[in-house]
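Inspection log for the structure reproduced underneath, given as structure tokens.
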Amino acid sequence: MAAITRFSKPSTISHVRRCLYSASAVVAESNPHAPSPFTNYKITRRDPSERNVQWVFLGSPGVGKGTYASRLSTLLGVPHIATGDLVREELASSGSIAKQLTEIVNQGKLVSDEIVISLLSKRLKAGEAKGESGFLLDGFPRTINQAEILEGIIDIDLVVNLRLPESVLIEKCLGRRICGQCGKNFNVASINVKGQNGSPGISMAPLLPPSSCMSKLVTRSDDTEEVVKERLRIYNEKSQPLEDYYRNQGKLMEFDLPGGIPESWPKLLEALNLDEFDERQSVAA
Ligand SMILES: Nc1ncnc2c1ncn2[C@@H]1O[C@H](COP(=O)(O)OP(=O)(O)O)[C@@H](O)[C@H]1O
């Protein structure tokens, strides 16, 4: 059985319903000597009842943070903000830092806090201008330093830590494909890992694209075996300490994925106390 900690703190259905958005971020006066872009990005902390959810997704590369955060973002009506996507958008641009970033990302290393925070603050400001409410953060924070900077400017209600065995993570990363045209993510890996030392086995069917995307599939340049292993090493070194950081704050919800999306999604909703919310949304649709 998957180990699920049922979360009963702020993420209840009533909390989600109560979450009314009020734009909270304002850009402070420009200061050319500011050490970090967030220093200029002042946010008024709002009571959770006056805004939408502000959650963080933690988990190793390939665990499925993007998949589950994206589904929850549709369900809850909050933006899914993935710093990996922001970095890749920057790579695809002709901006001055693109070349420097390509090298770092293709080695599986972390981009500097300054760059990633600048990209995130730009994204948050653009969302604010559009009247966005709350967020699901995926891929940020990735270090204790980033977590401390984030804590200095905004409240995080809940941190969802998704977990899978390392052998599954590597297979999943190597099977990842993106449609070069529509940008959707797929996975061609068929995973069947036997249970060991009392831990359950895991099976995941491939997530295949429709025929219209089939000939346009591309693999991320950082999804080679060597780079994936380096990203996992860096995750264990730099990002795993975040688990204790948020556990000590009573915000961490651990979730061992029991399998692919069909098995994991209902259980994740249950752990988040969102299962009834999902049913009501489906009936209303
Ligand atoms: N918070 C962050 N801090 C530093 N680098 C980041 C951050 N988020 C993303 N990146 C960079 O973007 C790359 C891709 O990120 P992401 O798509 O989240 O990949 P994954 O979770 O599969 O490793 C990372 O390997 C890293 O170079």
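Of everything in segment 100-122, what is more than 20 Å from GLU230 (Cα to Cα) and charged (D, E, K, R)? Give them in sequence order.
GLU114, LYS122
Can you tell which of ASN161, ASN197, ASN185 is touching a Gly at 6+ places or on another chain (Cβ under 8 Å), open to solvent by 30 Å² or more (accessible area, probe 1.4 Å) and not small (Gly, Ala, Ser)? Of the residues listed, the single one that is touching a Gly at 6+ places or on another chain (Cβ under 8 Å), open to solvent by 30 Å² or more (accessible area, probe 1.4 Å) and not small (Gly, Ala, Ser) is ASN185.
Total residues in segment 115-129 satisfying the condition of being more than 10 Å from the ligand (Cβ to nearest atom) and not hydroxyl-bearing (Ser, Thr, Tyr): the figure is 8.
So that you can scan it fast, the table gives a plain yes or no per residue for (1) under 17 Å from the mean Cα position of the chain (by Cα); (2) in a helix (DSSP H, G or I); (3) at pLDDT below 95:
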{"residue": "ILE117", "(1), (2), (3)": "yes, yes, yes"}
{"residue": "LEU120", "(1), (2), (3)": "yes, yes, yes"}
{"residue": "LEU124", "(1), (2), (3)": "yes, yes, yes"}
{"residue": "GLU128", "(1), (2), (3)": "no, yes, yes"}
{"residue": "LEU137", "(1), (2), (3)": "yes, no, no"}
{"residue": "GLY152", "(1), (2), (3)": "no, yes, yes"}
{"residue": "VAL168", "(1), (2), (3)": "no, yes, yes"}
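For segment 244-262, a tally of residues being part of a helix (DSSP H, G or I) and surrounded by fewer than 16 Cβ atoms within 10 Å (Cβ to Cβ) returns 4. The residues in segment 103-114 that are without any contact (Cβ under 8 Å) to a residue 60 or more places away in the chain and surrounded by fewer than 18 Cβ atoms within 10 Å (Cβ to Cβ) can be counted, and the count is 3.
May I ask you to verify whether SER239 is free of Cβ contacts under 8 Å to residues at least 40 places away in the same chain and either of a type in the set (Asp, Glu) or open to solvent by less than 80 Å² (accessible area, probe 1.4 Å) (or both)? Break it down stepwise before answering.
Details: free of Cβ contacts under 8 Å to residues at least 40 places away in the same chain: no; either of a type in the set (Asp, Glu) or open to solvent by less than 80 Å² (accessible area, probe 1.4 Å) (or both): yes.
No; evaluated as a whole, the condition is false for this residue.
One residue alone among ALA129, ALA205 is open to solvent by 20 Å² or more (accessible area, probe 1.4 Å) and within 25 Å of ASP223 (Cα to Cα), and that residue is ALA205. Pairs meeting the criteria (first residue in segment 126-152 and among the hydroxyl-bearing types (Ser, Thr, Tyr), second residue open to solvent by 40 Å² or more (accessible area, probe 1.4 Å), beta carbons under 7 Å, at least 6 apart or on different chains) are SER133/TYR21; THR143/LYS238. A search for C-beta distances below 7 Å between a residue of segment 242-266 that is over 20 Å from ALA205 (Cα atoms) and any residue that is among the β-branched types (Val, Ile, Thr) and in a helix (DSSP H, G or I), counting only pairs 6+ apart in sequence or on different chains, returns LEU242/ILE144; TYR245/ILE144. The residues of segment 72-90 that are more than 8 Å from the ligand (Cβ to nearest atom), surrounded by 18 or more Cβ atoms within 10 Å (Cβ to Cβ) and in a helix (DSSP H, G or I), listed by number, are LEU72, SER73, LEU76, GLU90.
Out of the residues in segment 209-231 that are more than 10 Å from the ligand (Cβ to nearest atom) and part of a loop (DSSP other than H, G, I, E, B), which is farthest from GLY108 (Cα to Cα)?
If we take residues in segment 209-231 being more than 10 Å from the ligand (Cβ to nearest atom) and part of a loop (DSSP other than H, G, I, E, B), then PRO210 is farthest from GLY108 (Cα to Cα).
The values are calculated or read from the model by the stated rules, or taken from the named source; none is laboratory data. On a predicted model such as this, the values are computed, not experimentally measured, just so you know. Every residue, glycine as well, gets a Cβ built from its backbone with ideal geometry; the counts of neighbours run over all protein chains shown. Accessible surface areas use protein heavy atoms only, side chains included; no ligands, DNA or RNA. Shrake-Rupley method; radii C 1.70, N 1.55, O 1.52, S 1.80 Å.
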